[in-house]
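**Q** First the structure, then my questions, so here it is.
The values are calculated or read from the model by the stated rules, or taken from the named source; none is laboratory data. Keep in mind that this is a model prediction, so the values were computed, not measured. Positions of Cβ are generated from backbone atoms using ideal geometry, with glycine treated the same way; all protein chains shown enter the neighbour counts.
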Amino acid sequence: MRIFDPHIHMTSRTTDDYERMYEAGVRAVVEPSFWLGQPRTSPDTFADYFDSLLGWEPYRAAQFGIRHHCTIALNPKEANDPRCRPVLDLLPRYLAKDGVVAVGEVGYDSMTPEEDEVFAAQLAMAIVAGLPVMVHTPHRDKAAGTRRSLDVVRASGLEPGRVLIDHLNETTVAMVRESGCWTGFSVYPDTKMDEDRMVMILKEHGTERVLVNSAADWGRSDPLKTRRVGAAMLAAGFTEDEVDTVLWRNPVAFYAQSGRLDLDDAPAAAFHAGNTIERGG
């Protein structure tokens, strides 16, 4: 079983997770930029964070045979902090980087006017950069937030096939499928989706334009949830080809629209004077 996790926050994970993911079949990941759990106080902290997504994490992932890509954006939660608004001025130069395969996560947290403005501005940037978009739907008022997200996407002029609407559930999947956007599902131990619910959605709606992710972060989450979904699909009667469609071919097709997806084998891990990490001299 080959796996591409299209939404996972490896900055929050350990090297043990990378090792376990590789053993489970994960060969590629996309790491969206997101809220770190506490407020960031200046655009400079975002620049350091974006640089780590483009340099440090791909290096770390490659040591375990995993290709790492990222998405870049001012996330919805911090769109409400005026100290963070100048991050929008940084984005064009980061969106031009080779390792960036989409603009994201953009969208809504609390559905404020500030989030409206930042969401629309970043969709416009995606059009200029020629990149697809990952949209974060709010954890509260999920259905209302998803409808509002689709309205903003329509108003932007972006082609629906270049937009992934993520963090969906049973109440929101139909409206997103009808819009022509890609559907994304985060599978968690306690919250959001679980393996059995995901299988039921796949039985009802099929495997076309469906991305399944672990969205593993610093909270209680599991970077092997993609593998567990694949196993649940097989147990429910799905074919290996259908599992490969959901866990590999679909994320490849979506992010390949960036023109920057590199799925060649990651370079072998190297040791530096007995250390796994090369240290500056």
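**Q** I need a count of the residues in region 112-141 that are over 16 Å from the mean Cα position of the chain (by Cα) and modelled with pLDDT under 95.
**A** 2
**Q** Considering each residue of region 194-249, count those that are outside any helix (DSSP H, G or I), small (G, A, S) and on the phi < 0 side of the Ramachandran plot, and give that number.
**A** The qualifying residues number 5.
**Q** Determine which single condition R2 fails, assuming it passes every other condition in (1) closer than 27 Å to P138 by Cβ; (2) surrounded by fewer than 16 Cβ atoms within 10 Å (Cβ to Cβ).
**A** Result: R2 passes all but (1).
**Q** Taking the criterion of being crowded, with 21+ Cβ neighbours inside 10 Å, farther than 27 Å from C84 by Cβ, touching a residue at least 60 places away in the same chain (Cβ under 8 Å) and of a type in the set (V, I, T), would at least one residue in region 213-232 satisfy it?
**A** The answer is yes, given that some residue of region 213-232 is crowded, with 21+ Cβ neighbours inside 10 Å, farther than 27 Å from C84 by Cβ, touching a residue at least 60 places away in the same chain (Cβ under 8 Å) and of a type in the set (V, I, T).
**Q** Further question: Please go through region 150-184 and pick out each residue that is out of contact with any His (no Cβ under 7 Å at 6 or more places or on another chain), among the basic types (K, R) and either under 15 Å from P76 (Cβ atoms) or surrounded by 18 or more Cβ atoms within 10 Å (Cβ to Cβ) (or both).
**A** Result: R162, single match.
**Q** Of all residues in region 211-226, how many are farther than 15 Å from I66 by Cβ and of a type in the set (S, T, Y)?
**A** 1
**Q** Only one of these conditions is not met by A268: (1) hydrophobic (A, V, I, L, M, F, W, C); (2) farther than 16 Å from M198 by Cα; (3) modelled with pLDDT of 95 or more. Which number is it?
**A** Status for A268: all satisfied but (3).
**Q** Scan region 1-29 for residues that are in a strand (DSSP E or B) and among the basic types (K, R) and jot them down.
**A** R27 - this is the single residue of region 1-29 that is in a strand (DSSP E or B) and among the basic types (K, R).
**Q** Do we have A216 as under 29 Å from R13 (Cα atoms) and either of a type in the set (S, T, N, Q) or at pLDDT below 95 (or both) here?
**A** yes
**Q** In this structure, is Y18 within 15 Å of A216 (Cβ to Cβ), in contact (Cβ under 8 Å) with a residue 40 or more places away in the chain and surrounded by fewer than 20 Cβ atoms within 10 Å (Cβ to Cβ)?
**A** The answer is no for Y18.
**Q** A follow-up question, please. Given R27, R60, which one is crowded, with 18+ Cβ neighbours inside 10 Å and not hydrophobic (A, V, I, L, M, F, W, C)?
**A** Selected residue: R60, the only one of R27, R60 that is crowded, with 18+ Cβ neighbours inside 10 Å and not hydrophobic (A, V, I, L, M, F, W, C).
**Q** Within region 48-57, track down each residue that is exposed (fewer than 13 other Cβ atoms within 10 Å of the Cβ) and of a type in the set (G, A, S).
**A** G55
**Q** Moving to a separate point now. Of the numbered conditions (1) surrounded by fewer than 21 Cβ atoms within 10 Å (Cβ to Cβ); (2) of a type in the set (A, V, I, L, M); (3) in contact with a Ser or Thr (Cβ under 7 Å, 6 or more places away or on another chain); (4) within 17 Å of R20 (Cβ to Cβ), V187 fails exactly one; give the number of that condition.
**A** Of everything listed in (1) surrounded by fewer than 21 Cβ atoms within 10 Å (Cβ to Cβ); (2) of a type in the set (A, V, I, L, M); (3) in contact with a Ser or Thr (Cβ under 7 Å, 6 or more places away or on another chain); (4) within 17 Å of R20 (Cβ to Cβ), V187 misses just condition (1).
**Q** While we're looking at this one, here's another question. Looking only at residues that are of a type in the set (V, I, T) and surrounded by fewer than 16 Cβ atoms within 10 Å (Cβ to Cβ) in region 30-47, which one is nearest to the chain's Cα centre (by Cα)?
**A** T45
**Q** Do the conditions hold for A61, that is, is it assigned to a helix (DSSP H, G or I), more than 24 Å from D17 (Cβ to Cβ) and either among the aromatic types (F, W, Y) or under 19 Å from the mean Cα position of the chain (by Cα) (or both)?
**A** no
**Q** Follow-up. Filter region 158-175 for residues that are farther than 10 Å from H205 by Cβ and in a helix (DSSP H, G or I); which is nearest to the chain's Cα centre (by Cα)?
**A** For region 158-175, the residue satisfying everything is R162.
**Q** Could you please let me know if S12 is among the hydroxyl-bearing types (S, T, Y), within 20 Å of A215 (Cα to Cα), touching a residue at least 60 places away in the same chain (Cβ under 8 Å) and surrounded by fewer than 19 Cβ atoms within 10 Å (Cβ to Cβ)?
**A** yes
**Q** Moving on to the next point. Among all residue pairs at least 6 apart or on different chains, which show Cβ distances below 7 Å where the first residue, located in region 26-43, is farther than 11 Å from M10 by Cβ and the second is of a type in the set (S, T, N, Q)?
**A** S33/T71; S33/N75; F34/N75; W35/N75
**Q** Follow-up question, since we're still on this one. So for region 133-149 (the condition being surrounded by fewer than 23 Cβ atoms within 10 Å (Cβ to Cβ), in a helix (DSSP H, G or I) and of a type in the set (A, V, I, L, M)), does at least one residue qualify?
**A** Yes: one or more hits.
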